Amino acid sequence: MALHFGGRLAWPLLVAGVLALCVLGLTRGLGNLSQVREELQQVRATNQRLDKENRAMYRQVERLRSDPQALERAVRRDMGVLRPDEVVYQQEQPLPKPAAKEQP
């Protein structure tokens, strides 16, 4: 059974409608595609940065495991550990003097 509008076949209108929907869907899809590509680029950049940080941390762990002096430096720096024969002297820093006001 064929569709009729005033005695004419409606297939050209039906095909045009379907094509219009396809074009509309394609343009939306292309917009989403560019957004997804941009997001993918950002994720890849983040992954590269994190990979670089991970490799640096791995090298640091290997140094701390294999070099006793590196371990001692890290413990002293990060935890403030002293040797039994060491004494720490702290000198108080004088407070900065307030700036003098200029008189006209």
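The values are calculated or read from the model by the stated rules, or taken from the named source; none is laboratory data. Owing to the predicted nature of the structure, the values given are computational and were not obtained by experimental measurement. Heads up, the Cβs are rebuilt from the backbone with ideal geometry, glycines too, and the neighbour counts pull from every protein chain shown.
Worth a mention:
- Candidate set: the stretch 56-76, residues that are acidic (D, E) and part of a helix (DSSP H, G or I); chosen: the one surrounded by the fewest Cβ atoms within 10 Å (Cβ to Cβ): E62
- Cβ-Cβ contacts under 9 Å between residues 6 or more apart (or on different chains), taken from a first residue in the stretch 1-29 that is modelled with pLDDT under 65 to a second residue that is part of a helix (DSSP H, G or I) and among the aromatic types (F, W, Y), are listed as A2/W11; L3/W11.
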